[in-house]
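See below for the structure under consideration.
The values are calculated or read from the model by the stated rules, or taken from the named source; none is laboratory data. This structure is a prediction, so every number in the text was calculated from the model and none was measured. For neighbour counting, all protein chains shown are included, and Cβ atoms are generated from backbone atoms with ideal geometry for every residue, glycine included. Protein only, heavy atoms only, side chains kept; ligands, DNA and RNA dropped before computing areas. Shrake-Rupley method; radii C 1.70, N 1.55, O 1.52, S 1.80 Å.
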Amino acid sequence: MRRLILSIAVLTTLTGPIAAMAQATNNASFPTKPLRMLVPVPAGGPSDFIARQVAQQLSTSLGQVVTVENKPGANGLVAAREALAAPADGYTLLYAPGSMIATPLLVKGSGLDWSQDFAPLGKVGRVPFALAVHTGVAAQTVADLVKQARQQPGAFNVATSTPSEVLAASQFMKAAGIQITRVPYKGGAQALPDLLAGRVQIMFGPLSLLQPQAKSGALRILATLTQERHAALPEVPTMAEAGLPGVEVPTWQGLYIAAKVPQPLRTRLATDIAAAVARPEMRAEFDRRMLVVESASAQDLATTITRE
């Protein structure tokens, strides 16, 4: 009787996960319930907007609601750790800006190995960046700003939130040979009011966040961090044209999933994400917000991550 009980227990232990795995990898029935998309930035910014647009279109492609959950904090670690802790059933996605792959290097003891812990599903867009200053700053060009920062050490503060903004500010200071006090924020939408009020004087941030304020005269854009001049601001030079070609940041946005999720589910999700991004209504919304639709396969995104 004891042997019989032990045999049943062992069989139950072995067949339970096997059955669950078989059900999880059955593409024909997936998904049977709503999905979660964890977003590592606060609501209201450009990355959050892209995530919500993708979630909306992906809901149509999958036939199930994709719910966006904002999980800001610790350079994206809060969202990443929750995604890794979720069941490996394909129902939890991680949305991440390109700069988030640097989080393991920026945060000591993060316990995160991006290339091992997550599998890329595909790129979904890009957020063009720009350098803006408060209207109280006398500088009219990047060269003016560098000169003023050298002449008045400690006169300027720069607002940063995402790793992209931290990287941009760090590269700018290094390339220009200046030192500016960095003031951290949870997101660009939280930093913008302080820039407009002059509590911080400089900000590297999404063009879609800064351009409407520049258009109204509330701040001044000195340069874009794009390879070419932006169509909406043809008079504004790129950082390379302004004399600092090394100041550039990864501003592509992608979707990922825990690497432990079975490959068939990852393939299914990657296909549906590509279909969602290709919808014309996505491009129309992105154009209106000065954002860029940028689709790339899971393999292309993996190559990009290695290169970055």
Find the residue count for the range 230-277, including only residues that are over 14 Å from Ser297 (Cβ atoms), modelled with pLDDT of 90 or more and touching a strand residue (DSSP E or B) at 6+ places or on another chain (Cβ under 6 Å).
-> 8
When you go through Ala83, Ala102 one by one, which is the residue that is in a helix (DSSP H, G or I), more than 18 Å from Val124 (Cα to Cα) and open to solvent by 30 Å² or more (accessible area, probe 1.4 Å)?
-> Ala102
Going by the structure shown, is Val142 crowded, with 23+ Cβ neighbours inside 10 Å and β-branched (Val, Ile, Thr)?
-> no
When the range 59-76 is examined, which residues are found to be in contact with a helix residue (DSSP H, G or I) (Cβ under 6 Å, 6 or more places away or on another chain) and either outside any loop (DSSP other than H, G, I, E, B) or surrounded by 17 or more Cβ atoms within 10 Å (Cβ to Cβ) (or both)?
-> Ser61, Leu62, Val66, Val68, Lys71, Asn75, Gly76
Only listed residue being in a loop (DSSP other than H, G, I, E, B), surrounded by 17 or more Cβ atoms within 10 Å (Cβ to Cβ) and small (Gly, Ala, Ser), chosen from Ala232, Ala242 = Ala242
Tell me which residues, restricted to the range 33-58, are touching a residue at least 12 places away in the same chain (Cβ under 8 Å), farther than 21 Å from Ala102 by Cα and surrounded by fewer than 21 Cβ atoms within 10 Å (Cβ to Cβ).
-> Lys33, Pro34, Leu35, Arg36, Ala43, Gly44, Phe49, Arg52
Could you list, in sequence order, the residues of the range 136-160 that are touching a Lys or Arg at 6+ places or on another chain (Cβ under 6 Å) and modelled with pLDDT under 95?
-> Thr160
So which residues in the range 251-285 are open to solvent by less than 20 Å² (accessible area, probe 1.4 Å) and either more than 21 Å from Thr67 (Cβ to Cβ) or free of Cβ contacts under 8 Å to residues at least 40 places away in the same chain (or both)?
-> Thr251, Trp252, Pro262
Subset of the range 165-184, residues within 17 Å of Pro245 (Cβ to Cβ) and surrounded by 19 or more Cβ atoms within 10 Å (Cβ to Cβ), comes to Leu167, Ala168, Ala169, Phe172, Ala176
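Residues checked against (1) more than 14 Å from the chain's Cα centre (by Cα); (2) aliphatic (A, V, I, L, M):
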| site | (1), (2) |
| --- | --- |
| Glu82 | yes, no |
| Asp113 | yes, no |
| Phe118 | yes, no |
| His134 | yes, no |
| Ala138 | yes, yes |
| Leu145 | yes, yes |
| Asn157 | yes, no |
| Thr162 | no, no |
